[in-house]
Amino acid sequence: MSDGATMLEFMKTERDGEVLIVTLNRADKRNALSAAFIEELYDLFEWIRRSDEVRAVVVRAEGGHFCAGLDLIEHHLEQRSASDFMAICRRWHAAFDAIQHCGKPVIGALNGAVVGGGLELAGAFHIRVADATTYFALPEGQRGIFTGGGATVRVARLVGEARMIDMMLTGRTYAGDEAVAVGLCQYHVAGSSFDKAIEIARKAAQNPPLSNFAITSGIAHIGNMPSADAYFAEAFIAGITNTQPASKDRLEAFMNKTAARVRHE
């Protein structure tokens, strides 16, 4: 990909220095996720994982809604069998795993609906920024369907099993500061979620790549382990990360009092 904007079928990308901006570009369908859209997401984030030039990613969307989830019209018209839809779900899992484990911080600039599969997509991001229009929902119960893109793992970890069940059974929505409080997003801004997301991405891009890889991938994997294994994995990752050349340089700056201080704004 070049430094300029690159058009894909369902997305477009552009560079802001070491930050790659990914824009969901299916606004006429509220950025609903078709099978082909999922394949494009997988391919893009596999490329991001291999790229030495991209240090952080911002994902935003065209139109008034970030993502309305599964393309229900496509699903209805396809008349898929149970095994067909299981295969679709596994591709969603692969695509969202590719996002979460691409090794680069992925920040979501959210707006409007982040619903169903759209929340599953956003749940794969490492940081989520909501604006004043953003709302989160899992309306699967009302649609007569069940989550298939990893919500039972990622969203349940964010909000808790009981809260997720409530969302699915009743169609309950969350927005604003309440969405931050329950863990659906980390930031709620009155202005542009994109501006805040870019600010975060630029800051994260200044970290050593190995540190960002350890943070974005290591913590998720450690969370799946029994305590004894988790402690070992943490020590192993720390041993590699904390002795990298970039770490030594930054610790020397800290010792010499030339490093930036941690301050509460």
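The values are calculated or read from the model by the stated rules, or taken from the named source; none is laboratory data. Keep in mind it's a predicted model, so treat the numbers as computed, not measured. Backbone-built Cβ (ideal geometry, glycine too); neighbour counts: all protein chains shown.
Some observations on this one:
- Just one of the listed residues (I107, I73) is surrounded by fewer than 16 Cβ atoms within 10 Å (Cβ to Cβ) and β-branched (V, I, T), and it is I73.
- Any hit, region 36-51, residues being within 27 Å of F146 (Cβ to Cβ), part of a strand (DSSP E or B) and not β-branched (V, I, T): no
- The helices (runs of 4 or more DSSP H) found wholly in region 111-184 and carrying at least 1 residues that are in the same structural domain as R55 (by TED's automatic domain parsing) and in contact with a Lys or Arg (Cβ under 7 Å, 6 or more places away or on another chain) occupy 117-123, 161-170, 176-182.
- Here V159 does not fit the description of being of a type in the set (A, V, I, L, M), over 25 Å from A98 (Cα atoms) and either under 15 Å from the mean Cα position of the chain (by Cα) or surrounded by 15 or more Cβ atoms within 10 Å (Cβ to Cβ) (or both).
- Check on V22, among the aliphatic types (A, V, I, L, M) and assigned to a loop (DSSP other than H, G, I, E, B): no
- Only one of the numbered conditions (1) of a type in the set (V, I, T); (2) surrounded by 18 or more Cβ atoms within 10 Å (Cβ to Cβ); (3) farther than 25 Å from V22 by Cα is not met by T216, and that is (3).
- Pick from region 220-234, criterion loosely packed, with under 10 Cβ neighbours inside 10 Å and in a helix (DSSP H, G or I), ranking: farthest from the chain's Cα centre (by Cα): A228
- Within region 131-157, considering residues that are at pLDDT 95 or above and out of contact with any helix residue (DSSP H, G or I) (no Cβ under 6 Å at 6 or more places or on another chain), the one farthest from R30 (Cα to Cα): R157
- Pairs meeting the criteria (first residue in region 134-161 and free of Cβ contacts under 8 Å to residues at least 60 places away in the same chain, second residue of a type in the set (K, R) and in a strand (DSSP E or B), beta carbons under 7 Å, at least 6 apart or on different chains) are lacking.
- Flag: G191 does not match the condition of being modelled with pLDDT under 95, in the same structural domain as V115 (by TED's automatic domain parsing), small (G, A, S) and out of contact with any His (no Cβ under 7 Å at 6 or more places or on another chain).
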